[in-house]
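Report on one structure; see the data block that follows.
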Amino acid sequence: MNDRELKVFLKQSLQQEVRPERLDECIKLCIDIMCEQRYAAEETRTGFFGYLSDVFRFEGIPIFGLQALTLFLVCLMLSLLASDPKYIPAFMPLFALTVIPAVFKSQYYNMSEMEAVTRASGAQIMLAKLILAGTANLVCITVLLGLEVYLQESYDALGQMVLYCVVPYLVCMVALLRLIRVRKKEGMPIYAISVFTSCICWGMSAKLLPWLYETAAIGLWIIVVLVFAVFFIKEVYFIVKMRKEGKMYGIIA
């Protein structure tokens, strides 16, 4: 049945006169259903970790698959720049970019309103996706650092390389959560553009600001990590709070 046929059918149905006996029968059926629900056994609520497992079944392959593909490409590029770990920050935003399909799916398919009224609140859905994405990112960063240590044949710059990985990633993730809260579906292209712009800026800084990657500048990197870590933790805490209250995280698009 196409839209036109459905419209005609509904119009004809609304124009029909309602028979009193059919109306009484409908009311009786509704009352019987409500009575059955009153004595029905209460359904066991799914715990968060059980829910996380369900989300992993549906979202795990896309999230981990994109992360693995990005890891392969980044490792390939960094293997050509093994003598210069200061180029690591230029590639780290790409790992945050791979989170887009999972976190913006409801906005893209206009399902935010549906998520808002489900038993698992929108905040719980977002929290589960962030945990999966964060786990995948942690694995990728660990592999990336292992590759750099192997190519450098030294652990001396490991601390600096950790900062080079964490700072760009945290900046992009804070920007992502902020966009989810204040923007609708147009947040996807805005975030994608901002990530690629970030990659270019970090790459240019490696060329134009070499002092930023010297040992003397470690204090500056640590300060930036702490600042954006506070923003990120605060945002995650807000998501957890919304989850407990059964509310939507962000706006309904």
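Could you sort the peptides 54-61, 161-168 by per-residue average Cβ neighbour count (10 Å cutoff), highest mean leading?
Numbers: 54-61: 13.9, 161-168: 21.2.
Highest mean packing first, the order is 161-168, 54-61.
Model label points for Leu81 and Val182, set 7 angstrom from Cα along the Cα-to-Cβ axis, are 3.0 nm apart.
Read-outs: derived from the displayed coordinates by stated rules, not from any lab. No experiment lies behind these values; they were computed from the predicted model shown. We place every Cβ from the backbone using ideal geometry, glycine too, and count neighbours over all the protein chains shown.
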